[in-house]
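Each remark here refers to the structure printed beneath this line.
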Amino acid sequence: MHLQIKLNPPYPIYLGSGILSELLPDYCRSLNKRFVIISDDQVPTETVLNVKHLLDDAGLDARVFYFPAGEIHKTRETKACLENVLLDWQYGRDTCLLALGGGVTTDLVGFLASTYCRGIPVIYLPTTLLAMVDASIGGKTGVNTRHGKNLIGTFYQPLAVFMDTDVLKTLPPEQWSNGVVEIIKHALIANAELFQKLQVSVDSLKNNPQLLLEIIHESCLIKKNIVEGDEKESGLRQWLNYGHTIGHAVESLEEYRLSHGQAVAIGLLVETKLSVEAGFLAASVLDDLEKLLTAYQLRLKTAVFQNRKALLHQLKGDKKSKEGESHFVMLNKMGSARVMDDAYAFPIGSVILERALDWAAERFGKN
Ligand SMILES: NC(=O)c1ccc[n+]([C@@H]2O[C@H](COP(=O)([O-])OP(=O)(O)OC[C@H]3O[C@@H](n4cnc5c(N)ncnc54)[C@H](O)[C@@H]3O)[C@@H](O)[C@H]2O)c1
Ligand SMILES: [Zn+2]
């Protein structure tokens, strides 16, 4: 399968089982570059060596560099270390980077590529479900600082993305869930059929390659349409934040003990409850969502709703709040987010917010 992301500049996504060995060597040969594969040190060795051997066998100059895995290493310091290594090895503008890993790797290496020698090409080879359906589409790159996540970065498009579903075979269950939650988010805001497909795929997603491909493809299409409609995040892209306003607050107050997927799953439920309380959405959607998240093994437990004051304080500080008031994406129905007068996120009155938070305290409470 093949998708074209029409951003500036446009780039292709190749998606399929076996796509790396099928297409990557010829694609790279056509570029006439030296290649540097950058991975984190937890990406399975077999996956990294497979890519290295593909390039070696094609007669290309390819070297591998690693950085320590994890969100805590998605920093300016790691970027500087990699830059120093590249400079030491005298890589110049004739270099193309290959970001081989999850979203941490594509964000970090994308940022690195955007500033190295004032910008060199980068190809994304996502190896997590989340990086395929989310991080490798849209051109956002960046690193974290102690002030928050992704605060330093660029908009920079990769030359191409190769999504080979074969690499997902080694993905641990928690990483599957992280990806599935973002797919569920895409379905909620833009595609009711995708939601239904996820409902009937719980037991087969990992073992049915054709189904997995279809679901990744549809999810990528949703993100593609949204980012193409709003390249620099002025409006429509806010939809992609669905579940993340509450999700980020949960993540932060839980001090990252919950995975991103678990926190966003809880965020999706609470934000969906807001639409129900506001009278926009049928309550059955909330029930269906809860069943689906549970079926995909998401553990929906947190004590953060017991401390209302801390939670409200956290929400006020959200990047996307305006004048201290949180704005939320709302649903009109399953697969259809609300848009009105060019607004894609809406301020929520305190009564509705309190009601949803009361519900959450009861529903997710751990005490
Ligand atoms: N740029 C964007 O638009 C965008 C969108 C969403 C998320 N993100 C970013 O993505 C990051 C999260 O990405 P992630 O969830 O992929 O995390 P990650 O990159 O940290 O990967 C998770 C873990 O899985 C390991 N791993 C990767 N591929 C594997 C495989 N095939 N088999 C076994 N293990 C494997 C990694 O080594 C890592 O330890 C965050 O930093 C987030 O900010 C960016
Ligand atoms: Zn997310």
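Here is the figure for segment 92-107: residues that are in a strand (DSSP E or B) and small (Gly, Ala, Ser) total 2.
Condition check: part of a loop (DSSP other than H, G, I, E, B), under 24 Å from GLU255 (Cβ atoms) and either modelled with pLDDT under 95 or in the same structural domain as VAL264 (by TED's automatic domain parsing) (or both). Does LEU298 satisfy that? So LEU298 passes the test. Looking for something within 11 Å of ligand 1 (Cβ to nearest atom) and at pLDDT below 95 - is there at least one such residue anywhere in segment 107-117? No, because not a single residue in segment 107-117 is within 11 Å of ligand 1 (Cβ to nearest atom) and at pLDDT below 95. Reported count of residues in segment 358-367, each being over 26 Å from the mean Cα position of the chain (by Cα) and either among the acidic types (Asp, Glu) or modelled with pLDDT of 90 or more (or both), is 5. Here ALA187 passes the criteria (1) within 15 Å of ligand 1 (Cβ to nearest atom); (2) closer than 22 Å to LEU300 by Cβ; (3) not in a loop (DSSP other than H, G, I, E, B) except the one numbered (1).
Go over the candidates LEU125, LEU112, LEU129 one by one and state the one that is within 13 Å of ligand 2 (Cβ to nearest atom), of a type in the set (A, V, I, L, M, F, W, C) and in the same structural domain as LYS74 (by TED's automatic domain parsing). Unique residue meeting the criteria: LEU129.
Condition (residue is within 15 Å of ligand 2 (Cβ to nearest atom), under 17 Å from the mean Cα position of the chain (by Cα), more than 19 Å from ASN178 (Cα to Cα) and not polar (S, T, N, Q)) applied to segment 211-232: is it met by at least one residue? Yes, segment 211-232 contains a residue that is within 15 Å of ligand 2 (Cβ to nearest atom), under 17 Å from the mean Cα position of the chain (by Cα), more than 19 Å from ASN178 (Cα to Cα) and not polar (S, T, N, Q). Within segment 24-50, being within 22 Å of GLN90 (Cα to Cα) and among the hydrophobic types (A, V, I, L, M, F, W, C) holds for CYS28, LEU31, PHE35, VAL36, ILE37, ILE38. Tell me, please, whether a residue that is modelled with pLDDT under 95 and either among the acidic types (Asp, Glu) or crowded, with 20+ Cβ neighbours inside 10 Å (or both) can be found in segment 160-172. No: segment 160-172 contains no residue that is modelled with pLDDT under 95 and either among the acidic types (Asp, Glu) or crowded, with 20+ Cβ neighbours inside 10 Å (or both). Looking only at residues that are within 16 Å of ligand 2 (Cβ to nearest atom) and among the hydrophobic types (A, V, I, L, M, F, W, C) in segment 182-201, which one is nearest to LEU15 (Cα to Cα)? So, considering only residues that are within 16 Å of ligand 2 (Cβ to nearest atom) and among the hydrophobic types (A, V, I, L, M, F, W, C), the one nearest to LEU15 (Cα to Cα) is ILE183. Checked against (1) at negative phi; (2) over 17 Å from the mean Cα position of the chain (by Cα); (3) surrounded by fewer than 22 Cβ atoms within 10 Å (Cβ to Cβ), GLU255 passes all but a single condition, namely (1).
Exactly one residue out of GLY138, GLY179, GLY102, GLY148 is small (Gly, Ala, Ser), within 16 Å of ligand 2 (Cβ to nearest atom), in contact with a helix residue (DSSP H, G or I) (Cβ under 7 Å, 6 or more places away or on another chain) and on the phi > 0 side of the Ramachandran plot, and it is GLY138.
Let's see how each residue does on (1) touching a residue at least 24 places away in the same chain (Cβ under 8 Å); (2) over 19 Å from LEU108 (Cβ atoms); (3) within 7 Å of ligand 1 (Cβ to nearest atom):
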site	(1), (2), (3)
THR141	yes, no, yes
LYS169	no, yes, no
PRO172	no, yes, yes
VAL180	yes, yes, no
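Rundown of residues vs (1) over 19 Å from LYS169 (Cβ atoms); (2) in contact with a Ser or Thr (Cβ under 7 Å, 6 or more places away or on another chain); (3) not assigned by TED's automatic domain parsing to the domain that holds ASN144; (4) not in a strand (DSSP E or B), yes/no style:
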| position | (1), (2), (3), (4) |
| --- | --- |
| PRO12 | yes, no, no, no |
| LEU24 | no, no, no, yes |
| ASN32 | yes, no, no, yes |
| SER39 | no, yes, no, no |
| VAL43 | no, yes, no, yes |
| VAL51 | no, no, no, yes |
| LEU55 | yes, no, no, yes |
| LEU60 | yes, no, no, yes |
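State yes or no: is ILE137 more than 10 Å from ligand 1 (Cβ to nearest atom), touching a Lys or Arg at 6+ places or on another chain (Cβ under 7 Å) and either under 21 Å from HIS248 (Cβ atoms) or assigned by TED's automatic domain parsing to the domain that holds TYR256 (or both)? Here the answer is no, as ILE137 does not meet what is asked. Does any residue of segment 265-279 turn out to be under 16 Å from PHE195 (Cα atoms), at pLDDT 95 or above and not in a helix (DSSP H, G or I)? The answer is no; no qualifying residue exists. Suppose we filter VAL122, VAL36, VAL109, VAL48 for residues that are touching a residue at least 60 places away in the same chain (Cβ under 8 Å), of a type in the set (A, V, I, L, M) and closer than 30 Å to ILE183 by Cβ; which single one remains? Going through VAL122, VAL36, VAL109, VAL48 in turn, just one is touching a residue at least 60 places away in the same chain (Cβ under 8 Å), of a type in the set (A, V, I, L, M) and closer than 30 Å to ILE183 by Cβ: VAL109.
The values are calculated or read from the model by the stated rules, or taken from the named source; none is laboratory data. Treat the numbers as computed from the prediction; the structure is a model and nothing was measured. Don't worry about glycine lacking a Cβ; one is built from the backbone with ideal geometry, like all the others, and counts go over all protein chains shown.
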